[in-house]
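Have a look at the structure below, then the notes.
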Amino acid sequence: MKKLTKLTALALALVMVLGLLAGCGSSNADSSTDNSGEDTAKDKLVVATSPDFPPFESLEGGEVVGIEVDILKLIAEKLGMELDIQQMDFDSVIPGVQAGKFDVGMSGITVTDKRKENVDFSSVYFMAAQAIVVSADSGITGKADLEGKKVSVQTGTTAEDYCMANGYEVLAFTANNDAASALTGGKVDAWVVDNEVALAMAPDLGLTVLDEAMTAEPYAFAFQKGSELVAPFNEALDALLADGTVEKIFSDYGVTYVGP
Ligand code: ARG
């Protein structure tokens, strides 16, 4: 945290550099690399995540890994900050960011008008969709077949909103894995989840992902309303989008990149 201090330090560093350029400075030009010397410990970028969402974020030997982690590592580096990743259920991520408990929400978060009332968003960095996942013998081949069927979703997600709004019988689970298990365990007819997550998880579970996309979901990172971090964060993210780094990270994970 300590974002104000950090921004103030950055502003001071800028003033000093300008002073040097004007020919009236005498301080060490290296000062920009150690953040003025008085505070050598890097400021923390506290990130809230629900690491049950491969390939965006998942746990590997206790460590949170994935596409969004790789993007955030690069952004933190550009901001001269240290990542501090905090794990929680998805339905705690946005409320926690909103309350200022965390600096950034990183969870394959879809930008929605409703959420925009509560949090600010970074630039959109990927376009996803909701997918229908079924077991091999389900006889469900598209959205039309879901009428009157029972579906599982993760609590607090756009999948939950969508399925409730469309009149399906919805079983919601705080953990994404439990939503998947509801289908493998035969408690529901389909599992509705973001498309790339469906593609990443379905094969191991012996499940089938249907081709029909149900929604369009722009992904972005979430911030407390009015957060001063959004501007510098976006500057870093926009540069990574513009120079192809984000696209490269997606392809490292075998995902076809769909830009905003
Ligand atoms: N994109 C969906 C949403 O924003 C699902 C996100 C779930 N994320 C997770 N890490 N489990 O609601």
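Read the figures in this text as sums done on the coordinates, not as results from a lab. Model, not experiment: these values are computed from the prediction. Cβ coordinates were reconstructed from backbone atoms using ideal geometry, including for glycine residues, and neighbour counts include every protein chain displayed.
Placing dummy labels 7 Å off each Cα toward the beta-carbon, the span from Met127 to Ala175 is 3.5 nm. Ordering Val192, Val258 by the number of other Cβ atoms within 10 Å of each residue's own Cβ, fewest first, gives Val258, Val192. Each Lys or Arg adds one and each Asp or Glu takes one away; over the other residues whose Cβ falls under 12 Å from the Cβ of Met106, this sums to -4. Evaluating 6.51 cos²θ - 1.76 cosθ + 1.60 at θ = phi - 60° for every residue in region 128-140, the Karplus couplings come out as 10, 7, 8, 10, 9, 10, 9, 8, 3, 9, 6, x, 8 Hz, glycine and proline recorded as x.
For Thr215, nonlocal amide neighbours, meaning residues 5 or more places apart or on other chains whose placed amide H falls under 5 Å from its own, are Gln130.
For the residue pairs Lys143/Lys225; Lys149/Lys248; Lys78/Lys116; Lys116/Lys187, the alpha carbons lie more than 30 Å apart in Lys143/Lys225; Lys149/Lys248; Lys116/Lys187. Karplus-derived 3J(HN,Hα) values for region 246-260, using 6.51 cos²θ - 1.76 cosθ + 1.60 with θ = phi - 60°, are 4, 4, 5, 4, 4, 5, 4, 9, x, 9, 5, 6, 10, x, x Hz; glycine and proline are entered as x.
Per-residue 3J(HN,Hα) values for region 67-78, derived from phi via the Karplus relation 6.51 cos²θ - 1.76 cosθ + 1.60 with θ = phi - 60°, read 4, 5, 5, 4, 5, 5, 4, 5, 5, 4, 4, 4 Hz in sequence order (x marks Gly and Pro). Taking other residues whose beta carbon is less than 14 angstrom from the beta carbon of Ala144, and scoring Lys, Arg as +1 and Asp, Glu as -1, yields -3. Can you return the aspartates and glutamates within cross-link range of Lys114? Criterion is Cα-Cα under 19 Å, with same-chain partners fewer than 8 residues away left out. The qualifying aspartates and glutamates are Asp91, Glu160, Asp161, Asp194, Glu217. Ranked by how many other Cβ atoms sit within 10 Å of their own Cβ, fewest first, the residues Leu183, Leu83 fall in the order Leu83, Leu183. For region 54-107, the relative contact order comes to 26 percent (Cα pairs under 8 Å, sequence separation of at least 6).
Charged neighbours of Thr157, selected by a Cβ distance under 9 Å, balance to -4 (K, R count +1; D, E count -1). When the charge dipole of region 125-260 is built from unit charges on Cβ atoms (+1 for Lys and Arg, -1 for Asp and Glu) and taken about the Cα centre, the candidate among Ser251, Gly139, Pro218 whose Cα reaches farthest toward its positive end is Gly139.
Proximity of backbone amide H atoms, modeled 1.01 Å from N, is registered between Glu82 and Asp43, Lys44, Leu45 at under 5 Å, excluding neighbours fewer than 5 places apart on the same chain.
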